[in-house]
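**Student:** Pasting a structure below so you can have a look.
The values are calculated or read from the model by the stated rules, or taken from the named source; none is laboratory data. Note that the structure is predicted; figures quoted are calculated from it, not measured. As a convention, Cβ positions derive from the backbone with ideal geometry for all residues, glycine included, and neighbour counts pool all protein chains shown. Calculation scope for accessible area: heavy atoms of the full protein, side chains included, ligands and nucleic acids excluded. Shrake-Rupley method; radii C 1.70, N 1.55, O 1.52, S 1.80 Å.
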Amino acid sequence: MKDAPAPRRVTGSCHCEAVRFAITTDFPELTTCDCSICVRKNALMVKVHEDEFELLAGGDFLTEYRFHTKTARHFFCRICGIYPFHRKRVTPNFVGINVHCLDGFNPDGIPVRATIGKEMD
């Protein structure tokens, strides 16, 4: 039996690096979502508890977008337009991280679970 990987700290940023953050996770799975915004931004995410997320720089460069129930909080860099993370709707104490914004991250070998977002009320 294989031991689960130990949680590790990983840093990330938007494209222009104005927004920088760090997460701690063991990457148990990655998720996709079929809601209208996630499909359009082609999001591949890892979910981390808010205690495992740290905004290192650039909070003043973030802009927020909410739609439908206005519960999920999608953040974008107002300089380069990249989506680095969002506060989740169903589990608001968790942050969905865009893994494509993580420094040197390779998602190969991590299971990907498709979530159903477009049918949520």
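**Student:** Accessible area per residue, 1.4 Å probe, Å², for region 24-121: what's the number?
**Tutor:** Working: 5600 Å² over 98 residues.
Value for region 24-121: 57 Å² per residue.
**Student:** What are the residues whose amide H is under 5 Å from the amide H of Thr115, where those residues sit 5 or more places off or on another chain and H is modelled from the backbone?
**Tutor:** Amide H neighbours of Thr115: Thr32, Cys33, Asp34.
**Student:** Can I ask one more? Positive end of the charge dipole of region 1-102 (Lys, Arg +1 and Asp, Glu -1 on Cβ, about the Cα centre): tell me which of Phe76, Ile37, Ala57 has its Cα farthest that way.
**Tutor:** Sorting the options by dipole projection puts first Ile37.
**Student:** Quick one: pull the percent of accessible area on the chain belonging to carbon and sulfur, 1.4 Å probe, ligands and nucleic acids left out.
**Tutor:** Answer for the chain: carbon and sulfur cover 51 percent of the accessible area.
**Student:** Additional query: In whole Hz, with x marking every Gly and Pro, tabulate ³J(HN,Hα) for region 49-56 from phi via Karplus 6.51 cos²θ - 1.76 cosθ + 1.60, θ = phi - 60°.
**Tutor:** With the stated coefficients, region 49-56 comes to 5, 4, 5, 9, 10, 9, 7, 8 Hz.
**Student:** Right, another one. Find, among the GluC sites (Glu not before Pro) in region 19-120, those assigned to loop by DSSP (not H, G, I, E, B) with at most 15 other beta-carbon atoms within 10 angstrom.
**Tutor:** Sites meeting the loop and neighbour criteria: Glu29, Glu119.
**Student:** Rounded to the nearest 500 deg cm²/dmol, what is the calculated helix-only ellipticity per residue at 222 nm for the chain, with -39500 (n - 2.57) per DSSP H run of length n ≥ 4?
**Tutor:** -1000 deg cm²/dmol
**Student:** Given the whole protein assembly as supplied and a 1.4 Å probe, what does the accessible area of Thr69 come to in Å², nearest 10?
**Tutor:** Accessible surface of Thr69 is approximately 60 Å².
**Student:** Just check region 40-121 against the gyration tensor rule for me: Cα atoms, a ≥ b ≥ c as the square roots of the eigenvalues, rounded for a/c under 1.5, and otherwise prolate or oblate depending on whether a/b exceeds b/c.
**Tutor:** The shape class here is rounded.
**Student:** Give the percent of DSSP beta bridges with both residues in the chain that are antiparallel, rounded to the nearest 5.
**Tutor:** Details: 27 of 31 bridges.
So the antiparallel bridges amount to about 85 percent of the total.
**Student:** Dividing the Cα radius of gyration by the Kirkwood radius, what Rg/Rh value follows for region 13-62?
**Tutor:** That ratio equals 1.00.
**Student:** Let me ask another. Which trypsin sites (Lys or Arg not before Pro) in region 78-120 sit in a loop by DSSP (not H, G, I, E or B) and have at most 14 other Cβ atoms within 10 Å of their own Cβ?
**Tutor:** Here the trypsin sites (Lys or Arg not before Pro) that fit, given the DSSP loop and packing criteria, are Lys118.
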